[in-house]
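Just so you know, all these numbers are worked out from the coordinates, no wet-lab data involved. None of the values given here were measured: they were computed from a predicted structure. Heads up, the Cβs are rebuilt from the backbone with ideal geometry, glycines too, and the neighbour counts pull from every protein chain shown.
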Amino acid sequence: MRRKTGIDRREFMRRGTAAGAAALAARGASGAAPAAKIKVGVIGCGSVSRKYLPHLAGCAHAELASACDIKPERAAQAAKKFKIPNHYPQIDAMLAGAPFDLLVNLTFMQEHGRLNKIALEAGKHVWSEKPLANTYAEGAALVELAKKKGVRIWGAPTVVNSPQFEFMARAINARKLGALAAAHASYGHLGPDWSAFFYEKLGGSMPDLGVYNLVTLTGLLGPARAVTAMLSVVTPMRTVGDKGEVRVEAEDNAMVLLDHGKGVISHVQCGFNYFTPFQHDDTQQDHHTISIIGREGSLHLCGYDWAPHGVDIATADSRSFTRRATGAQGYCWEQGASVICECLATGKEPRWTAEHALHVVEIMEAARESQEHGRRVALKSTFPWPVVEGV
């Protein structure tokens, strides 16, 4: 059985807002940062930063203070391009340098837990690209450390922030689909060819791709109670830009079943061996990547959940599929750190929580355990739910 939080989402958010405001007030009193502008230090100036940095540079509540990368020339280039006044070759130098409030961690996934811990220990808020940590124990320790230090930590992805997610959540919780039965999600491509970390231990298709679908399905259907999974390696050797030919150590093919309770079962498939007839960055194709099915209706997400552009829905009262929620309304997958800056500056709360990101880390760890031992694995974590307030 999963552990109960003993607190509903509204009370959780009230406490979180108070804690965040208090932390910022303390910072403001010391003269380190004004409440309206959050000083940001970005670590990891590779491919993902090419999306994050422009968004942060245009955010009214963010001030880019520092850039950091173990390849110093990348940090220097990012600093020059985005007029960031400071750049550093590693995290200790950045923490000892110009002050900032929020660390934005865009490094490769195996480093997330270690670097997030260093930043929290230094009293920084943290926005981490996915995953939040590499193991459930490591992630749980990070959440507790943040509470101890009076700061906050959050993790990507931001899929619960899209208007399409909100439409689906409201339809489900208004029982437009009747009693729920099943859900399916799929995300895959032929695999990255620019870095080995995707294929090394603690890499894999789940923390890179499946994580999006796991956040979406648990966000819509509620925390999972148990996991059953089959994982495999389809392509045992890969050729990547940074290391040449490497042996694949993490799954590149995953099938994960989730038990959400009350008879609801969902399934996520993800992998690095999926042919698609369109480019990965073509976000306007109409294929359905998420499907939710009930006794009185079904809905289907058009496009990826990180870049959705509509929801097709049919119900017993309206049996022809109609497309709804077709606008972005400002949503984009790279907005996470910018939204966090706004929330820290204004006292708002984002829809995503550290507990939700941690729950998904536990699901991925349980999937690997299920594959290893051939059994169903019970989960112990949970998170404030429903995600969309008022439903």
Query raised in the report: Who wins for biggest fluctuation among F275, F82, F108 in a Gaussian network model of the chain, springs between alpha carbons below 10 Å?
Result: F275
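Using 0.36 nm per residue of separation minus the Cα-Cα distance, give me the extension gain between N173 and F82 in nm, one decimal.
28.5 nm
How big is the charge dipole of the chain about its Cα centre, in debye rounded to the nearest 20, if each Lys and Arg gets +1 on its Cβ and each Asp and Glu gets -1 on its Cβ?
Numbers: 44 positive and 38 negative charges, 232 e Å.
Magnitude of the dipole: close to 1120 debye.
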Report task. Compute the acute angle (0 to 90°) between the alpha-carbon long axis of helix 163-173 and the principal axis of greatest extent of the alpha-carbon atoms of the chain; round to the nearest 10°. Result -> 50 degrees
Query raised in the report: Expressed as cubic angstrom per residue, what is the convex hull volume of the alpha carbon set of the range 337-381?
Result: 67 Å³
Query - About the Cα centre, charge dipole magnitude for the range 315-361 (Lys/Arg +1, Asp/Glu -1 at Cβ), debye - result: 300 debye
Report summary line: In a Gaussian network model of the chain with springs linking alpha carbons closer than 10 Å, the residue among G310, G155, G58 that fluctuates most is G58
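Between rounded, prolate and oblate, where does the range 139-257 land on the alpha carbon gyration tensor, with a ≥ b ≥ c its root eigenvalues, rounded for a/c under 1.5, else prolate if a/b exceeds b/c?
Oblate, because a/c is 1.5 or more while a/b does not exceed b/c.
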Query raised in the report: Where does helix 211-221 land angle-wise versus the long Cα axis of the chain, in degrees 0 to 90, nearest 10?
Result: 60 degrees
Report summary line: Projecting the Cα atoms of Q284, C332, T315 onto the charge dipole of the range 281-391, where Lys and Arg contribute +1 and Asp and Glu -1 at Cβ, the residue farthest towards the positive end is T315
Report summary line: Between V126 and residues 5 or more places away or on another chain, the pairs with built amide H atoms under 5 Å apart involve L103, R152, I153, W154
Report task. If a/c stays under 1.5 just call it rounded; otherwise compare a/b with b/c (prolate if a/b is bigger, oblate if not). Do that for the range 253-391, with a ≥ b ≥ c from the square roots of the Cα gyration tensor eigenvalues. Result -> rounded
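Given an 8 Å cut-off on Cα distances and at least 6 residues of separation, report the relative contact order of the chain as a percent.
21 percent
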Report summary line: Phi-derived 3J(HN,Hα) across the range 277-286 with the Karplus relation (6.51, -1.76, 1.60, θ = phi - 60°), rounded Hz, x for Gly and Pro, is x, 10, 6, 4, 8, 7, 8, 10, 5, 9
**Report entry** Rounded tilt (10° steps) of 354-373 against the dominant C-alpha axis of the chain
**Finding:** 60 degrees
Query raised in the report: In straight Cα distance, which lysines are under 26 Å from K149, not counting same-chain residues fewer than 8 positions off?
Result: K4, K37, K39, K117, K124, K130, K348, K380
Report task. Would you please report the Å³ per residue occupied by the convex hull of the alpha carbon atoms in the chain? Result -> 131 Å³
Query raised in the report: For the range 56-136, what is the relative contact order in percent, using Cα pairs closer than 8 Å and at least 6 residues apart in sequence?
Result: 23 percent
Report summary line: Note on the range 118-202: contact order normalised by length, alpha-carbon pairs under 8 Å, 6 or more apart, percent, works out to 26 percent
Query raised in the report: Dipole magnitude of the range 250-337 about its Cα centre, charges +1 at Lys/Arg Cβ and -1 at Asp/Glu Cβ only, in debye to the nearest 20?
Result: 420 debye
